[in-house]
Structure formats: C-alpha cells, structure tokens
Amino acid sequence: MYYQISFSADGEQVQVMKYTSTQDTPIAVLEEFFREHVQVNPESLKGIGIVRIGG
C-alpha cells in the first residue's frame, strides 16, 4: 500500500514523504518508516500525519 507521511521534528519544516509498505495498520507503517528510513529522536517529533493514497 502507498502512504503519504508528514512529520515535523525540532521546529524544522514539515517533511512530506511517499512511502510503500506491506504493513496492515497505520501504526505499524509509522513504526517501520521511522525505524528503517528516518533517524529522528521520538521525543523531538512535534506532529505526525499519515494518509493512505493507494494500494
């Protein structure tokens, strides 16, 4: 499935990325995304958004 993930950390501009995952739930997708592709301290996150855009 295809997702659009947006997030902001440490007062930076919002980052928007497209991401493909085989995970079943949005939480699992976010865990995979941040664990494998983005090195961000979880405490520095100010906002996260996820939208499924296709499958």
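Let me have the relative contact order for the chain, percent, based on Cα pairs under 8 Å that are six or more residues apart.
Values: 77 pairs, mean separation 30.2, N = 55.
Relative contact order, the chain: 55 percent.
Rounded to the nearest 500, what is the 222 nm mean residue ellipticity of the chain from helices alone, with -39500 (n - 2.57) per DSSP H run of 4+ residues and division by all residues?
Details: 1 runs with 11 residues, N = 55.
Rounded to the nearest 500, the figure is -6000 deg cm²/dmol.
Using +1 at the Cβ of each Lys and Arg and -1 at the Cβ of each Asp and Glu in the chain, identify which of 23, 51, 34 lies farthest towards the dipole's positive end.
51
Beyond 13 Å, what share of the Cα-Cα pairs of the chain remains, rounded to the nearest whole percent? Write down the numbers at each step before the final one.
On the way: 831 of 1485 pairs.
It works out to 56 percent of all Cα pairs.
Going by alpha carbons, how many degrees (0 to 90, nearest 10) lie between the helix axis of 26-36 and the longest principal axis of the chain?
Approximately 60 degrees, to the nearest ten.
For residue 53 and residue 10, what does the FRET efficiency come to when R0 = 35 Å and r is the distance between their Cβ atoms, rounded to the nearest 0.05? Please list the in-between numbers first.
Numbers: r = 27 Å, r/R0 = 0.76.
Approximately 0.85, to the nearest 0.05.
Please state the charge dipole magnitude for the chain, taken about the Cα centre, from unit charges on C-beta atoms (+1 on K and R, -1 on D and E), reported in debye and rounded to the nearest 20.
For the chain, the charge dipole is close to 200 debye.
Once you place label points 7 Å from the Cα toward the Cβ at residue 43 and residue 17, how far apart are they in nm?
Here the answer is 2.2 nm between the modelled labels.
Readers should treat all values here as calculations from the given coordinates under stated rules, not as data from a laboratory. Quick caveat: nothing in here was measured; it's all calculated off a predicted structure. All Cβ positions, even for glycine, are placed from backbone atoms using ideal geometry, and neighbour counts span all protein chains on display.
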